[in-house]
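The values are calculated or read from the model by the stated rules, or taken from the named source; none is laboratory data. Since the model is a prediction, treat every value here as computed from it, not as a measurement. Using ideal geometry, Cβ is built from the backbone for each residue, glycine included, and neighbour counts are taken over all protein chains shown. These accessible areas exclude ligands, DNA and RNA; they are computed on the full protein's heavy atoms, side chains included. Shrake-Rupley method; radii C 1.70, N 1.55, O 1.52, S 1.80 Å.
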Amino acid sequence: MNPFEIQLHYPLGEQLPTPGATLEVAPGVRWIRMGLPFALDHINLWLLRDTLDGREGWTVVDCCVSRDEAKAQWEQVFATQLQGLPVLRVIVTHMHPDHIGLAHWLCERWSTPAHPCRLWISATDYYTARINSRGDISFGGEDAARFFASHGLTDPASLDQVRARGGYYANMVPAVPDHFHRLLDGGALEIGGRTWRCIAGYGHAPEHMALHCEALNVLIAGDMVLPRISTNVSVHAVEPEADPLSAFLASIDRLRVLPPDTLVLPSHGKPFVSLHLRIDQLHAHHRDRLEEVLAACTQRPGSAADMLPVLFKRALDLHQTTFAMGEAVAHLHALWHAGKLRRQRDAAGVWRFEPSA
Ligand SMILES: [Zn+2]
């Protein structure tokens, strides 16, 4: 356990739902845990007891990536955990593959001619997912390779691999439902007779929606607040001047109005209480990283690639390197947008950052 994690309180202890089963974490709120084929090896999904259009059933929150193992585990959940009731709708917190991958399959699986099982998601993430599922714009391909090269990733083998990954998103999200129901910041959803409010968050996905239920004192946090790891905050090729880190930190600050004893249901890791402490920890984490980046750029003008050993004190494989590059640019851009660094292209066309004063 890292020193941050040890300070958090996990009310369920070491309990985890077994594959294909669920664990009740609050009245009418059930936890599903599915494996992922990445270094981040699992995702948490949620089943909420619900009534919609007069029908009894369940609302699903998040879906897992599209692959046979996940479909099989869902079928097990349907057969044993739903008390014979249908899935009524699918809420997706954001457009990343582990969250939206199987939304298409789930909605199709549970739609009837009289009752469509609808995807509920922010409009920004819906359209981003649809565009990405038809040909990647942000995780791989020529544009991503050019973007990484402009930030100092010059090794030809790595760039070739980035180019070859044009279909990365579409592989895990082969389709997105043709229709959706829009989630808006501050909007209220009636789920199982209780009100859940949408809280938009920026910096991790285009327009992430967390869900808060005051009556249950529960926050479905998605990826905005995770207990063990810090949320990935990256600049992507499609929005090359973005400052997602400042947006992310401002977004988690909006969660400070929630009660200190809120039960936080994160997409990765275990449910925890101590939301305010975790927000403080995340601020401290990024403040330290920003100081290290500023110090490195003060010694000599640095590119994002130069920041990898500063930010990540371990060897990275290609998949991790591309995530790490996005994060390194995000830290540089936070300092750049704050006026602490300025940037200039060097003779090789690489962005280098140095103190502005
Ligand atoms: Zn995510």
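Modelled this way, with points 7 Å down the Cα-to-C-beta line, the labels at H285 and R256 are 1.8 nm from one another. The simple spin-label model puts a point 7 Å past each Cα toward its Cβ; for Y10 and H115 those points are separated by 3.7 nm. Extension gain for T195-D155 works out to 9.2 nm (0.36 nm per residue, less the C-alpha to C-alpha distance). For the pair the stretch 284-318 and the stretch 1-51, the centres of their Cα atoms are 32 angstrom apart.
Helix content alone sets the calculated 222 nm mean residue ellipticity of the chain: runs of n ≥ 4 DSSP H residues at -39500 (n - 2.57) each, divided across all residues, give -10500 deg cm²/dmol. Remark on the chain: hydrodynamic radius 21.2 angstrom, per the Kirkwood mean of 1/r across alpha carbon pairs. The calculated P(r) of the stretch 112-252, using every Cα pair and 5 Å bins from 0, goes 2, 9, 14, 16, 18, 17, 10, 6, 4, 2, 1, 0 in percent.
Could you give the length gained by full extension between R163 and Q344, i.e. 0.36 nm per residue of separation minus their alpha carbon distance, to one decimal place? Write down the numbers at each step before the final one.
Working: separation 181, 0.36 × 181 = 65.16 nm, distance 2.53 nm.
That works out to 62.6 nm of additional length.
Ranking H96, H181, H337 by solvent-accessible area of protein heavy atoms (1.4 Å probe, all protein chains present), from largest to smallest, gives H337, H181, H96.
The alpha carbon centroids of the stretch 229-276 and the stretch 156-182 are separated by 24 Å.
By accessible area, using a 1.4 Å probe on protein heavy atoms only, the chain has 53% of its surface on carbon and sulfur. Label separation (E56 vs H179): 2.7 nm, computed from points 7 Å beyond Cα along the C-beta direction. Straight-line reach from K270: taking Cα to Cα under 24 Å and skipping same-chain neighbours fewer than 8 places apart, the lysines in range are K71. Normalised size of the stretch 46-107, defined as Cα radius of gyration per 2.2 N^0.38 Å with N residues, equals 1.08.
If each residue of separation counts as 0.36 nm, what is the full-extension length gain between K313 and E69 once their alpha-carbon separation is subtracted?
On the way: separation 244, 0.36 × 244 = 87.84 nm, distance 3.36 nm.
Gain on stretching K313 to E69: 84.5 nm.
To check you understand DSSP bridge types, tell me what percent of the beta bridges within the chain (both residues inside) are antiparallel, rounded to 5.
Numbers: 37 of 51 bridges.
Here the antiparallel bridges make up roughly 75 percent for the chain.
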